[in-house]
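Undergrad: Please read through the structure below; I'll follow up with questions.
Taken together, the values in this text are just the output of simple stated rules run on the coordinates, not laboratory data. Given the structure is predicted, the values throughout are model-derived calculations rather than measurements. Glycine gets a Cβ as well: all are built from the backbone with ideal geometry, and neighbour counts include every protein chain shown.
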Amino acid sequence: MKMLIRYKLYIMKRKITSILSLLIILSAFTGCSAGKMPQYAEDFITRLGDEVFLPPEVIAEFPEFNSDGKPYLIWSKLNENSNVIHKIEAVFDDDKLTYYNYKSYFFDVPLPDEKLTLNEGESEAMRFINEFRPDLAELEWVNKEWYPSMYDAGNVEAWVADETGVHGLFIMVDLNTGLVVRFDGRRD
């Protein structure tokens, strides 16, 4: 009986998460049109590629984008069947990155020969923070189980610097792909 209740709660949580994600995506497209994105956002995308935080094929096809003054970018790359294979979200406060999320839905992506170790994952996390939020680099970042919908011990690891606010201040690295998959630097 307890297993059934836990399973039902798990399914409800997944549905709520999916609905909230859809609402966030839909709200991001409101008022957006093709055009020139703000310079800080353009620099962010360029640096994601130059510093090899994302595969070159993802960066190469990033379109010009205008958020009509809203500091929020969202972009999805589709394959030939119109299925989403890459999604990037970024939120800025003035010119500072406050939120970043990368999701790959493309399961045939070539993986590195070996997944990152925990130390290599931490180095990648700190490299991202030093590149995009050097003001947060001096904080003490602790590896711990965090953000349960993404955390997967030994596969997707998290480093947390502040546990207050809605989600805390954290960064997550997928050790299998070597990519930073989420950063939350919002101070709620």
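Undergrad: Please give, to one decimal in nm, the separation of the simple spin-label points placed at S82 and S149, each 7 Å out from Cα toward the Cβ.
TA: That separation, rounded to one decimal, is 2.6 nm.
Undergrad: Something else now. How far apart, in nanometres, would the label points at R186 and L118 be if each is projected 7 angstrom from Cα along the Cα-to-Cβ direction?
TA: 3.0
Undergrad: Based on the alpha-carbon gyration tensor of the range 111-188 and its eigenvalue square roots a ≥ b ≥ c, which shape applies: rounded if a/c is under 1.5, prolate if not and a/b is larger than b/c, or oblate?
TA: Working: a/c = 2.12, a/b = 1.41, b/c = 1.51.
Since a/c reaches 1.5 but b/c is at least a/b, the shape of the range 111-188 is classed as oblate.
Undergrad: Between D43 and A137, what's the calculated FRET efficiency when r is the beta-carbon distance and R0 is 25 Å? Round to 0.05. Don't skip to the end; give the middle numbers.
TA: Details: r = 18 Å, r/R0 = 0.74.
So the FRET efficiency works out to roughly 0.85.
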